[in-house]
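See structure below.
The values are calculated or read from the model by the stated rules, or taken from the named source; none is laboratory data. Keep in mind that this is a model prediction, so the values were computed, not measured. Cβ atoms come from the backbone with ideal geometry, glycine included; neighbour counts cover every protein chain shown. In case anyone asks, the SASA skips ligands and DNA or RNA and just uses the protein heavy atoms, side chains included. Shrake-Rupley method; radii C 1.70, N 1.55, O 1.52, S 1.80 Å.
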Amino acid sequence: MIHPLRSLLLVPALGFAVQAVLAEAPAALQTETLKGQHVSARFRPDDWKILKDPKEFIGFLDQVYDSMVELTSNQPPMVLRGHEKLGAWGTAGLDGIDIDWTSVPPFMQDFNSGKVEFGFVHEMGHVFDARDFARWYITPNAGGEAFANVKLSYALERLLTKDTRYRIEFGPGGRQTGYDFNNNFYLHAGDKYLAANTAWDQMGVDDLHSFHMGLIRKLGWDVYKKWFRAYYKIEAQKDGRAPASVSDPLRINLVCALLSTFGNENLVPDCQHYRFPVTDKSVLEVAKRYDLKAVCAATDLQFAEEYATGKIHLDPLSLRVRLTKASDGSASASIFNILRSTPSAVVRYTLDNSPVTATSKVDGGTPIALAAGATLRAALFVPGKPEPVLTTSTAPEPSAGK
């Protein structure tokens, strides 16, 4: 939930520190501020005493922040603070989030046991949209809630893994990792929408999230990292502003055009499956209007530079194999590589049961003929790393009649 924009509160990120301050309401309420590298949190002294390790908590907030920066390339100020009689669990503004005082002790107690509260991660996701490009990708009715949750999904998937103690308990599945939570809660949340006759501009928050989660599971998170970054370049154009109406089909057509380009796959059928007003013609028109060839090329370069400097973690789906079967039963494969526009990144592959005996270099998207039963193994290499940064393998389905 996002509340009316507040004045900025800029807090320098100078490491972990404690500072006594007075809260805004009530005036006499004393609070303490803990400062992390990126995030500050201002709560009552008794609230902080609940935590077994306040420094770990601030460190986790910084990790959530870092994950959302990686996804969006945005870096807003971020302060968490208690608020009297807020009327909601929490609200978000330009500089951070407010949390109702009654909600603070419970989520701190949960954190002691490794349970992550949905609310503060969701509200942090709102802050990452407040200044920038929600005007481009938010559709009617679903509003900004879905995209706060998309950022939440990425942060939880990065941080709530089998190797960490953190878990979320929200919806089906009990306490679970971020990946399992996204699959159990969001991936099929749009099934009822798809089975009904609801118009696209009346779809719900979780319906829209489900649409995007399906594409994320198909294309990988890195396609979405490029997608968020592309809007900066679009808005740098002379007429690069979003239409005023959230119901304008231009928005969803631009979403389709960008994701299709970055994912190297025509997503018009996926959009039409969700009843979006998208066609091959309308997507092409939008691509020409915003010169997406240049926009996407510049975004590819930015992504590669950020990856090279350690700012981006590659999703396993950023190297994947797409299989194609012909009517005669023959098969071919093409390899998608998220760094395909980077000359120094090299994809090499081997084939079993085929004349190819040596490792071969392949350009992104080049078809590779597959013999029946052959397994293709691909690896992505980047300069300075002797081992591949991503690997994948696949085998075609049996030919018809076999």
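Could you list, in sequence order, all residues of region 257-306 that are among the aromatic types (Phe, Trp, Tyr) and either under 16 Å from residue 235 (Cα atoms) or in contact with a strand residue (DSSP E or B) (Cβ under 9 Å, 6 or more places away or on another chain) (or both)?
290
For (1) open to solvent by less than 70 Å² (accessible area, probe 1.4 Å); (2) out of contact with any strand residue (DSSP E or B) (no Cβ under 7 Å at 6 or more places or on another chain); (3) of a type in the set (S, T, N, Q); (4) at pLDDT 60 or above, each residue gets a yes or a no:
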| residue | (1), (2), (3), (4) |
| --- | --- |
| 8 | no, yes, no, no |
| 22 | no, no, no, no |
| 27 | no, yes, no, no |
| 32 | yes, no, no, yes |
| 44 | yes, no, no, yes |
| 49 | no, yes, no, yes |
| 56 | yes, yes, no, yes |
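Would you check which residues across region 149-188 are under 17 Å from the mean Cα position of the chain (by Cα), open to solvent by less than 40 Å² (accessible area, probe 1.4 Å) and of a type in the set (Phe, Trp, Tyr) and list them?
Within region 149-188, 154, 181, 186 qualify.
Please name all residue pairs, on different chains or six or more residues apart, with Cβ atoms under 9 Å, provided the first residue is in region 263-289 and is under 19 Å from residue 204 (Cα atoms) and touching a residue at least 24 places away in the same chain (Cβ under 8 Å) and the second residue is open to solvent by 90 Å² or more (accessible area, probe 1.4 Å) and in a loop (DSSP other than H, G, I, E, B).
Pairs found: 275/197.
Go through (1) modelled with pLDDT of 95 or more; (2) in contact with a Lys or Arg (Cβ under 8 Å, 6 or more places away or on another chain); (3) assigned to a loop (DSSP other than H, G, I, E, B) for residue 168 and report which single condition fails.
(3)
When you go through (1) of a type outside the set (D, E, K, R); (2) outside any strand (DSSP E or B); (3) in contact (Cβ under 8 Å) with a residue 40 or more places away in the chain one by one for residue 41, which number turns out not to apply?
So residue 41 meets the others, but not (2).
Could you tell me whether any residue of region 126-148 is of a type in the set (Asp, Glu), assigned to a helix (DSSP H, G or I), open to solvent by 20 Å² or more (accessible area, probe 1.4 Å) and farther than 21 Å from residue 165 by Cβ?
As a first pass, look at region 126-148 and keep what is of a type in the set (Asp, Glu): 129, 132, 145.
Those still in the list that are assigned to a helix (DSSP H, G or I) too: 129, 145.
Filter again for open to solvent by 20 Å² or more (accessible area, probe 1.4 Å), leaving 145.
Now narrow it down to the ones that are farther than 21 Å from residue 165 by Cβ: 145.
Scanning region 126-148 turns up at least one residue that is of a type in the set (Asp, Glu), assigned to a helix (DSSP H, G or I), open to solvent by 20 Å² or more (accessible area, probe 1.4 Å) and farther than 21 Å from residue 165 by Cβ.
Could you tell me which numbered condition residue 236 fails, if it satisfies all but one of (1) out of contact with any helix residue (DSSP H, G or I) (no Cβ under 8 Å at 6 or more places or on another chain); (2) closer than 27 Å to residue 340 by Cα; (3) modelled with pLDDT of 95 or more; (4) aliphatic (A, V, I, L, M)?
Against the list (1) out of contact with any helix residue (DSSP H, G or I) (no Cβ under 8 Å at 6 or more places or on another chain); (2) closer than 27 Å to residue 340 by Cα; (3) modelled with pLDDT of 95 or more; (4) aliphatic (A, V, I, L, M), residue 236 comes up short only on (3).
Hey, any hits in region 324-336 for a residue that's over 23 Å from the mean Cα position of the chain (by Cα) and at pLDDT 95 or above?
Scanning region 324-336 turns up no residue that is over 23 Å from the mean Cα position of the chain (by Cα) and at pLDDT 95 or above.
What is the number of the single condition among (1) exposed (fewer than 14 other Cβ atoms within 10 Å of the Cβ); (2) assigned to a loop (DSSP other than H, G, I, E, B) that residue 339 does not meet?
(1)
Go through the residues of region 50-58 one by one and say whether even a single one is over 22 Å from residue 159 (Cα atoms) and assigned to a helix (DSSP H, G or I).
yes
In region 82-102, how many residues are open to solvent by less than 20 Å² (accessible area, probe 1.4 Å) and in a helix (DSSP H, G or I)?
1
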